[in-house]
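Here is the structure we will look at.
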Amino acid sequence: MLRVTPIIFTDHAHAWAELLEAVGLQRAVHAEGWQEFDAASGRYRLHAPDAEHPSGTMRLAFEVGDLDEFTRRTREAGTGVVLTEEGHGRTATITGPDGLSLVATVEATRPEPPAADPALRVLALWMTPDPEGSATTLRNIGARPEVASDTGGWVQFRAKNGGLVATHSSTTPHAVPSFQYDGDIEQLRARLLESGLAAELIDESYGRTVRLRHPDGGEDLWINETPRDLYGYHRVDA
C-alpha cells in the first residue's frame, strides 16, 4: 500500500484551503496547525511552519499500510530507512542520494472523498540534481514508473493507492506541489476563475497547463493536463 501525501508548511493555511478546495480536493481533517485534503488520487496535508520547515516549503510524504513491512521491503531493495517514534506515531524516514528526505507513516483510513473532482491527481515533484538516483529511491519504496522524458530529466511514478510523484532535474534538491488533470482543463480553468483565483492557461509543447499563484508567494503552481502526445517522452514498463 502506497499513497502520495505531501506536507505543505505554511503561514497561509486559509488561502491554501481555498485553493485546494477550488481545484477539486475535499477537506477531511481540520485541527489546530494541521489540515488534510483528499483528492480522488492522493492527498495534500497542511502544517504550521517550524524551525526546520519554513512557510512555503513542502516535504515529500507517503502513507503505507504496514510500516514494518514497508521498511523491510525498502531496505531489501537497497535504500536505507530510519524508524523513529514521534508524537503522532511511528515514522519512516528515507534520505535520497541528493540529501532530500521523505517520510512514510501508517495510512489514515477513511471513505473515498465524494466531493473530490474525479479527474484530479496529486502530483508531487522531487526537484533534484540527481534525477537518476532519486528515481531509484522512488522505485525502491514501491512507486511504479509511468512516463519518462527522453533526456532522463523527468520520470513520473504512480503510487498504488493514489497520487503521482515525479523526479525533475534541478540545481538544488527540494519538493514542489503540483497536480495532474485527466479532464477538460479549460472547464477546470473556468471553475477556478469563478472561484476568484487567477488561473492562466499555457499551451506547452507537451500539453496544456493551468498556472495558479502560490499562496506563500513562491513559484506558480502547475496543473498539468494528462499528456496525450508523448513527443519527447516515452512510456516506462514497471
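The values are calculated or read from the model by the stated rules, or taken from the named source; none is laboratory data. If you're wondering where the values come from, they're calculated on a predicted model, not measured in any experiment. Backbone-built Cβ (ideal geometry, glycine too); neighbour counts: all protein chains shown. Surface areas here come from the heavy atoms of the whole protein model, side chains and all, with no ligands, DNA or RNA. Shrake-Rupley method; radii C 1.70, N 1.55, O 1.52, S 1.80 Å.
Miscellaneous remarks
- Selection within the range 182-203 - open to solvent by less than 40 Å² (accessible area, probe 1.4 Å) and touching a helix residue (DSSP H, G or I) at 6+ places or on another chain (Cβ under 6 Å): LEU192, ALA199
- The set of residues in the range 173-218 that are closer than 11 Å to VAL23 by Cβ, in a strand (DSSP E or B) and touching a residue at least 24 places away in the same chain (Cβ under 8 Å) comprises PRO177, SER178, PHE179, TYR181, VAL210, LEU212.
- Scan of the range 110-130 for residues that are over 16 Å from the mean Cα position of the chain (by Cα) and over 17 Å from ARG3 (Cβ atoms), ordered by number: PRO114, ALA115, ASP117, PRO129, ASP130
- Residues of the range 138-172 satisfying the condition of being β-branched (Val, Ile, Thr) and either open to solvent by 10 Å² or more (accessible area, probe 1.4 Å) or touching a residue at least 60 places away in the same chain (Cβ under 8 Å) (or both): ILE141, VAL147, THR151, VAL155, VAL165, THR171, THR172
- When each of ASN161, ASN140 is tested for being at pLDDT 95 or above, in contact with a helix residue (DSSP H, G or I) (Cβ under 6 Å, 6 or more places away or on another chain), under 21 Å from ALA61 (Cα atoms) and not hydroxyl-bearing (Ser, Thr, Tyr), the lone residue that passes is ASN140.
- Matching residues in the range 117-140 - criterion: being part of a loop (DSSP other than H, G, I, E, B) and in contact with a Gly (Cβ under 6 Å, 6 or more places away or on another chain): ASP117, ALA119
- Test: residue in the range 12-20 that is in contact with an Asp or Glu (Cβ under 6 Å, 6 or more places away or on another chain) and surrounded by 14 or more Cβ atoms within 10 Å (Cβ to Cβ): yes
- Residue in the range 103-114 that is out of contact with any Leu (no Cβ under 8 Å at 6 or more places or on another chain), modelled with pLDDT under 95 and surrounded by 13 or more Cβ atoms within 10 Å (Cβ to Cβ) present: yes
- Tallying residues that are polar (S, T, N, Q) and more than 26 Å from THR171 (Cα to Cα) within the range 79-124 yields 4.
- The set of residues from the range 82-92 being open to solvent by 30 Å² or more (accessible area, probe 1.4 Å) and of a type in the set (Val, Ile, Thr) comprises VAL82, THR84.
- Failed criterion for TYR206 (all others in (1) at pLDDT below 95; (2) open to solvent by less than 60 Å² (accessible area, probe 1.4 Å); (3) over 17 Å from the mean Cα position of the chain (by Cα) hold): (2)
- Residue, surrounded by the most Cβ atoms within 10 Å (Cβ to Cβ), within the range 219-236, restricted to residues that are part of a loop (DSSP other than H, G, I, E, B) and over 17 Å from the mean Cα position of the chain (by Cα): PRO227
- Which numbered condition ALA77 misses (of (1) of a type in the set (Gly, Ala, Ser); (2) open to solvent by less than 40 Å² (accessible area, probe 1.4 Å); (3) in contact (Cβ under 8 Å) with a residue 40 or more places away in the chain): (2)
- Of all residues assigned to the range 30-50, at least one qualifies as being open to solvent by 50 Å² or more (accessible area, probe 1.4 Å) and closer than 16 Å to THR109 by Cα.
- The residues of the range 56-68 that are open to solvent by less than 60 Å² (accessible area, probe 1.4 Å) and charged (D, E, K, R), listed by number, are ARG59, GLU63.
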